[in-house]
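This report concerns only the one structure given below.
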Amino acid sequence: MAVGVWQTLLRAAAVATLAVASAGPSASAVLAQARTASTQPKGVPVPHEVTSRMLPLKSPRTELVEFDLAPFPYNGRAPSGRPFLDVTDEDGRRGHSTSRGVLWEDVSFSDRRALVFIPKGFDARRPGLIVVFLHGHRATIERDVRDRQKVADQIAAANANAVLIAPQFAVNASDSSAGRFWESYGFARFLGEAGEHLTRLHGDKRTRKTFATLPVVVVAYSGGYVPAAWALHKGGTDKRVLGVLMLDALYGEVHKYADWIARHPNAFFISAYTSSSARGNEALQSLLADRDIATTLPPRLESTIAFLRTSGANHTDYVTRAWADDPIRDVLERMPGYSRTPPTRRTEARRDPVR
């Protein structure tokens, strides 16, 4: 090649390099986002403001956070049209009447906290998920969700780029009231605030728009079926929810779940159950008679509808032992495209279909 031509090419390359450098971080972000978009699974929001300087977290982050838009306290109406707080004693104390008696607001419905968790290795540059866990009766998010049911630990153990939000509903009470999740867009507003708390807990402001757009997996255990049903029915998050996992939880609201499944043919719906919730699971299966229903889990969850009748498992321990140990971890690892790191052979071996 002639020397003059070679010098011309070198000058052109130098000009191009200077142009990218002068564009600053925004140009790098655009290039990073373009690379992300080219490898992004179909239907997954493309994270914003991602740069190569944002490394995976070196340690887990967890906190019990007070939300302004938590399910409770709640001063609105129940779906029946009656005020939720429909009892007042002579001292002005307010309560909610149930078939078992009165649950007082200051004891059962005043905790506005949620368990927020980001595992070690979470990478805001990769496709990710928000797992929303809705607890059952007689539970607290510290004693049960965090310590006994090990929900955050299951997410940490999974090779999934996922974070956790677990709001408190009725505190240590036999009640499935949904509170603000009964309201139109109540779930969407809660997720919007959750994104702000996740950003602060992460520690990098560049993750704000990422957490605001991450797709969602809803996990409901036992009495959590009511908040889950209303979150799906009126929550205003149709484009974000990729799937639903019911853990011995289908005690009712089956028409709301059937409607959500019909409107989301590309989402997955998994309900694992014991004899405790068998009637609700059978009712929903009858409503879905025209759909392909699996009785085992495939290695990869893609538009899967599965009902898993389990034996040898009890309702109390179902969040940690259902069809397998750590069922939340098992489901997350069957979702293609959301791993924190490339799957290993050992991980693939754990994805064998359930027997």
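The values are calculated or read from the model by the stated rules, or taken from the named source; none is laboratory data. In this text the structure is predicted, and so the values were computed from the model without any measurement. All Cβ positions, even for glycine, are placed from backbone atoms using ideal geometry, and neighbour counts span all protein chains on display. The area values use the complete protein model at the heavy-atom level, side chains included, leaving out ligands, DNA and RNA. Shrake-Rupley method; radii C 1.70, N 1.55, O 1.52, S 1.80 Å.
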### Query
Once you charge only the Cβ atoms, +1 for Lys and Arg and -1 for Asp and Glu, what is the size of the charge dipole of the range 210-329 about its Cα centre, to the nearest 20 debye?
220 debye
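Which value, in Å², gives the accessible area per residue of the range 55-202 when a 1.4 Å probe is used on the protein heavy atoms?
Working: 6020 Å² over 148 residues.
That works out to 41 Å² per residue.
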### Query
Rounded to the nearest 0.05, what FRET efficiency is calculated for Lys120 and Thr316 with R0 set to 35 Å and r the Cβ-Cβ distance?
0.75
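Can you tell me the dipole magnitude for the range 128-171 around its Cα centre, using point charges on the Cβ only (Lys, Arg +1; Asp, Glu -1), in Debye to the nearest 20?
Numbers: 5 positive and 4 negative charges, 20 e Å.
Dipole magnitude for the range 128-171 comes out near 100 debye.
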### Message
Could you give each residue of the range 143-150 its phi-based ³J(HN,Hα) in whole Hz, using Karplus coefficients 6.51, -1.76, 1.60 with θ = phi - 60°, and x for Gly or Pro?
### Response
5, 9, 4, 7, 8, 8, 8, 6
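Using 0.36 nm per residue of separation minus the Cα-Cα distance, give me the extension gain between Asp68 and Val107 in nm, one decimal. Provide the component values of the computation, followed by the final result.
On the way: separation 39, 0.36 × 39 = 14.04 nm, distance 1.83 nm.
Between Asp68 and Val107, full extension yields an extra 12.2 nm.
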### Message
Among Ser110, Gly128, Gly95, whose Cα projects farthest towards the positive end of the dipole of the range 86-155, with charges put on the beta-carbon of Lys, Arg (+1) and Asp, Glu (-1)?
### Response
Gly128
### Query
How do Lys256, Lys239, Lys58 rank by accessible surface area computed with a 1.4 Å probe, from largest to smallest?
Lys239, Lys58, Lys256
### Message
Which of rounded, prolate or oblate describes the range 190-273 when judged by the alpha-carbon gyration tensor and an a/c cut-off of 1.5?
### Response
prolate
